[in-house]
Each structure stands twice: as structure tokens, then as C-alpha cells.
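Novice: Have a look at this one.
The values are calculated or read from the model by the stated rules, or taken from the named source; none is laboratory data. As the structure is a computational prediction, the values presented were derived from the model and not from experiment. Here the Cβ positions follow ideal geometry from the backbone for every residue, glycine too, while neighbour counts run over all protein chains shown. Ligands, DNA and RNA are excluded from the accessible area calculation, which covers all protein heavy atoms including side chains. Shrake-Rupley method; radii C 1.70, N 1.55, O 1.52, S 1.80 Å.
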Amino acid sequence: MISQPTPLISVIVIGLNEENLLSRSLQSVLASQLQGCDLEVIYVDSGSIDNSFNIAQSFHQVTALNLNNPMPSAAKARNFGLKRAKGDFIQFLDGDSILHENWLQTAYAHICSRDDVACVFGGLVESHPEANIYTHVCTFDWHIPPGEYRLCGGNSFWRKSFLDAAGYFDETLSAGEEPDLCYHVRQLGGRILCIDAPMVEHDLEMNTFQQYWQRGITNGKAYAVIGLRYRHSKEKLWFKEMLRNFVEPLTWLIVIVSASYFFSFGIALIILFSLWFLRAVKIALNNKKRIHKLTDGLLYGFHLQFVRLPTFWGQLKMCTKYLKSR
């Protein structure tokens, strides 16, 4: 009787200036409770100027690679690791994330349950949700119910055959590389599932309004890149979301200008705030199963509206760049 080879899971960790978190991240991978599978750990550094690469090299079980690219990106780093990975299954992990000890075993079991499952991801929790208002409100973005989805984030577990067939991440993208890959994988018949299991603990490290605003701009660029790329496809991935991110802030501007003309600027602000408040109440009620405190729900509702401003700006910059390039 011919024995079957032991399945190999390759964990690809990417990082840039993550010296404060990288050691814990790599330790969490090596501490995974994994039975019936072998483990390969690859770290790809995107040009850190701190001690990140040396930290990775200090782990003899970790293959530390340097991207050596003048214009690094997450897509390039993950592809660099993929080309050297030997496993049939891939776990992508950001260097600021701590892997749950049982995740690899759970993810492997789920992805093997059906041949058409290309990717699984699970629960993500914030390391310091009460550190400040920015971290606290963005924590609620991580609460994703189990089910089938169109896309996943950076931390995810993959069947490598689907990644090979899709051609890996598009290295021309500096934002939106995950939804772009997921789109291609789904066109190949692959399914993307969120499962009810803890996956990673994430440290957002968002401590200032500037960081919060920049995060919104980055998200806006991703919406624009993907929305424009797939605007003519049947699915129109993120195209409707991109339009909504433009329309809502413009609607607020129309409300302010109109109310200021007929009444006063102060009245205009009161009307706008009232609209935001009513929308925040609706969002809070719609999310009460996962956000139990009404005050947290209202805060999240205001966040989802306010964040459209930097998102609008990020989209506008990317759309302008697109039009100039044509």
C-alpha cells in the first residue's frame, strides 16, 4: 500500500517595519496546533528600516526573504512568497497579526470539505479595542457573520491550486489586490467562505485622526481601482459602492448649500447632523445583534457616514489619475 504524502501548509507572513509585533506574529504561527500536516513558514520583508528582517532571521524555522523592490506592495510581497512556497495550502498573514493556535487546523478541515472551496477566513479581533475612539469604532468593521462572500481580506487561508490558476495577485495594484484576486478565483468556480472560528488578533495601531483619515483615503483608492476595472462586467464589483461613496457626500454638500441659502449655515449644519443621527440610529438597530451597546452602535453609525469623506477624496484622486492616463 502506497502511503500518501503529508499535506504541507505554507504560511506567508509579510511585513514592513513591524519590529514591535513581528516576533509575536511568527511565534503564534510556530505554536499552531496542527495534526496530520507539515508546516512551512516564510517571511517576506518589504524593505524595513527597523529590525524586522533580523527578527525573522532569528527564527531558524522561518525562511526570511527580502523583497528588494524599490516600490514594494502587499501584492508583490505575497507573490514573492507564493513563488517560493511548497505547500498545497497557503495561509497569508500580515506581520501585525497574531494567528489563533487552532486556526490552521480548522481552516484546513473546512477547505478540504469541498473541492470548490478556494478560500476560508474567520474571526478577527482587535488587540486593543479600547485604546482610543479610532480603534474602538473600527473594531466593529471586523465583525463578519459566517457565510459565503465575494471577497476576503489579507489574512486568509487558500487552496494554492486556485491561486495558481488565477495568476496570483495583480502587482500593478497598490490597493484592492484582494478583491481583484477573489473576483478571478470566483470566475474559476472557487468559493470564498467565512467560518465561525477565531482566526487572528490584529493590532490596528491607529492613534491619531490623521491615521484614521488616511485609512479612509486608502480604502477609497481601492474602491475606485476595482470599481473602474470591473464597471463593464456583469457583476460590476464595487462599482455601485464607488458611486455611493461619491453620491452621499455630494448630497450632503447640496443639503448644506441649499439650507444655507434658504435659512442659515447654522441651520444647515443642524439639518445635516439630524440626517446623520437618523441614519446612525438605523445602522445601530440593524447591527444590534453584534454591537450590543446602543452608544457603540450609534458611534459606528456616525463612523460609517463620516468615513465617506476621506473615502470620497481617495476615490477622487484615483479617478483623476485614471482619466489623466487615458
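Novice: Under a 10 Å cutoff between Cα atoms, tell me which one of 272, 104, 193 has the largest fluctuation in the Gaussian network model of the chain.
Specialist: Result for the chain, Cα springs under 10 Å: 272 fluctuates most.
Novice: When the accessible area of the chain is split by element with a 1.4 Å probe, what percent falls to carbon and sulfur? Each step should come with its number before you reach the end.
Specialist: Working: 9740 of 16830 Å².
Reported share for carbon and sulfur atoms: 58 percent.
Novice: Quick one: of the DSSP bridges fully inside region 1-156, what percent are antiparallel, nearest 5? Spell out each step's value before the answer.
Specialist: Details: 1 of 20 bridges.
Percentage antiparallel, nearest 5: 5.
Novice: Can you name the helices of the chain, as whole DSSP H runs, whose Cα span along the helix axis is 24 Å or more and whose Kyte-Doolittle mean is not below 0.5? Mind showing how you got there, number by number?
Specialist: On the way: long enough: 209-229 (30 Å, -0.42); 239-262 (35 Å, 0.84); 265-286 (32 Å, 1.86); 308-325 (25 Å, -0.42).
Passing helices, by number: 239-262, 265-286.
Novice: Run the dipole for region 184-326 about the Cα centre, Lys and Arg Cβ at +1, Asp and Glu Cβ at -1, nothing else charged, and hand back the magnitude in debye, nearest 20. Intermediate results must be reported in sequence, preceding the final value.
Specialist: Working: 21 positive and 8 negative charges, 144 e Å.
Dipole size: approximately 700 debye.
Novice: Another question, then. Comparing 121, 140, 169, which has the greatest mean-square fluctuation in the GNM of the chain with Cα pairs linked when under 10 Å apart?
Specialist: Comparing 121, 140, 169 in a Gaussian network model of the chain, the most mobile one is 140.
Novice: Shifting gears a bit: Using the Kirkwood formula on the Cα atoms of region 78-221, what hydrodynamic radius do you get, in angstrom to one decimal?
Specialist: Numbers: mean 1/r = 0.0624 Å⁻¹.
For region 78-221, inverting the mean 1/r across all distinct Cα pairs yields 16.0 Å.
Novice: Could you compute the FRET efficiency for residue 320 and residue 33, with r as their C-beta to C-beta distance and R0 at 41 Å, rounded to 0.05?
Specialist: Taking R0 as 41 Å, the efficiency between residue 320 and residue 33 is 0.25.
Novice: In whole angstrom, how far apart do the alpha carbon centroids of region 80-137 and region 201-224 sit?
Specialist: Centre-to-centre distance over Cα atoms comes out at 20 Å.
Novice: Also, I was wondering about something else. Considering the options 315, 280, 302, tell which one lies farthest towards the positive end of the dipole of region 273-326, charges being +1 on Lys and Arg and -1 on Asp and Glu at the Cβ, about the Cα centre.
Specialist: Comparing the listed Cα positions along the dipole, 315 ranks first.
Novice: For region 243-323, which trypsin sites (Lys or Arg not before Pro) are both in a DSSP coil and crowded by at most 15 other Cβ atoms within 10 Å?
Specialist: On the way: sites: 244, 279, 282, 288, 289, 290, 293, 308, 317, 321; in loops: 288, 289, 290, 293.
Answer by residue number: 288, 289, 290, 293.
Novice: Rounded, prolate or oblate for region 250-323? Axes are the square roots of the Cα gyration tensor eigenvalues, ordered a ≥ b ≥ c, and the cut-off for rounded is a/c under 1.5.
Specialist: Numbers: a/c = 3.55, a/b = 1.19, b/c = 2.98.
Taking the square roots of the gyration eigenvalues as a ≥ b ≥ c, region 250-323 is oblate.
Novice: Which one of 198, 232, 268 is farthest out on the positive end of the charge dipole of region 185-326, using unit charges on Cβ (Lys, Arg +1; Asp, Glu -1) and the Cα centre as origin?
Specialist: Selected residue: 232.
Novice: How do 103, 313, 142 rank by accessible surface area computed with a 1.4 Å probe, from largest to smallest? Mind dumping the intermediate values first?
Specialist: Values: 103 0, 313 120, 142 55 Å².
So, going from the largest accessible area down, we get 313, 142, 103.
Novice: A further question follows. Which of the GluC sites (Glu not before Pro) found in region 177-252 are in a DSSP loop and have at most 12 neighbouring Cβ atoms, other than their own, within 10 Å? Walk me through the intermediate numbers first.
Specialist: On the way: sites: 177, 201, 205, 235, 241; in loops: 205, 235.
Qualifying residues, ordered by number: 235.
Novice: Please give the FRET efficiency for residue 164 paired with residue 54, using the beta carbon to beta carbon distance and R0 = 35 Å, rounded to the nearest 0.05. Don't skip to the answer; put the middle values down first.
Specialist: Working: r = 32 Å, r/R0 = 0.92.
Efficiency for this residue pair is about 0.60.
Novice: Between region 46-61 and region 265-295, what is the C-alpha centre distance in whole Å?
Specialist: Cα centroid to Cα centroid, the span is 45 Å.
Novice: Rounded to the nearest 0.05, what FRET efficiency do residue 281 and residue 255 have when you use their Cβ-Cβ distance and R0 = 22 Å? Don't skip to the end; give the middle numbers.
Specialist: Numbers: r = 18 Å, r/R0 = 0.82.
Efficiency computed from Cβ-Cβ geometry: 0.75.
Novice: I want the antiparallel fraction of DSSP beta bridges within the chain, as a percent rounded to 5. Intermediate values should be presented prior to the final figure.
Specialist: Values: 12 of 39 bridges.
Antiparallel bridges make up about 30 percent of those DSSP assigns within the chain.
Novice: Another one. Treating only the Cβ of Lys, Arg, Asp and Glu as charged (+1, +1, -1, -1), what charge dipole size does region 1-107 show about its Cα centre? Round to the nearest 20 debye. Don't skip to the answer; put the middle values down first.
Specialist: Numbers: 6 positive and 10 negative charges, 66 e Å.
So the dipole magnitude of region 1-107 works out to roughly 320 debye.
Novice: Moving to a separate point now. At 1.4 Å probe size, with every protein chain present, just tell me what the per residue accessible area of the chain comes to in Å². Kindly include the intermediate steps, with their values, before the conclusion.
Specialist: Details: 16830 Å² over 326 residues.
So the chain comes to 52 Å² accessible per residue, rounded to a whole number.
Novice: With springs connecting C-alpha atoms under 10 Å apart, model the chain as a Gaussian network and identify which of 266, 15, 154 has the largest mean-square fluctuation.
Specialist: Residue with maximal mean-square fluctuation among 266, 15, 154: 266.
Novice: At a threshold of 8 angstrom on Cα-Cα distance, excluding pairs fewer than six apart, so keeping six or more, what relative contact order does region 74-144 reach in percent?
Specialist: Details: 24 pairs, mean separation 12.3, N = 71.
Worked out over region 74-144, it gives 17 percent.
Novice: Among 213, 245, 167, whose Cα sits farthest toward the positive end of the charge dipole of region 165-301 (+1 at Cβ of Lys/Arg, -1 at Cβ of Asp/Glu, about the Cα centre)?
Specialist: 245
Novice: Full-extension gain between residue 263 and residue 6, please, as 0.36 nm times their residue separation minus the C-alpha to C-alpha distance.
Specialist: On the way: separation 257, 0.36 × 257 = 92.52 nm, distance 7.34 nm.
Full extension from residue 263 to residue 6 adds 85.2 nm.
Novice: By how many nm would the segment from residue 218 to residue 233 grow when fully extended, if each residue of separation counts as 0.36 nm and the alpha-carbon distance is taken off? If you can, show how the numbers build up before the last one.
Specialist: On the way: separation 15, 0.36 × 15 = 5.40 nm, distance 2.36 nm.
Stretched out fully, the residue 218 to residue 233 stretch lengthens by 3.0 nm.
Novice: Given the -39500 (n - 2.57) contribution per DSSP H run of 4+ residues, what per-residue ellipticity at 222 nm results for the chain, rounded to the nearest 500 deg cm²/dmol? All intermediate terms of the calculation are to be shown ahead of the outcome.
Specialist: On the way: 12 runs with 156 residues, N = 326.
Helices in the chain give a 222 nm mean residue ellipticity of -15000 deg cm²/dmol.
Novice: Could you give the dipole magnitude of the chain about its Cα centre, charging the beta-carbon of Lys and Arg +1 and that of Asp and Glu -1, in debye to the nearest 20? Can you show the working numbers first?
Specialist: Values: 31 positive and 30 negative charges, 316 e Å.
In total the dipole reaches around 1520 debye.
Novice: I would also like to ask the following. Roughly what % of DSSP beta bridges within region 97-244 run antiparallel, to the nearest 5? Numbers along the way, then the final one.
Specialist: Details: 8 of 16 bridges.
Restricted to region 97-244, the bridges split so that about 50 percent are antiparallel.
Novice: Which distance in nm do the two modelled labels at residue 142 and residue 188 give, with both placed 7 Å along the Cα-to-Cβ direction?
Specialist: Those two pseudo-labels are separated by 3.0 nm.
Novice: Which whole-percent values make up P(r) of region 203-326 when all C-alpha to C-alpha distances are grouped in 5 Å steps starting at zero?
Specialist: In whole percents, the pair-distance histogram is 2, 11, 15, 16, 19, 18, 12, 6, 2, 0.
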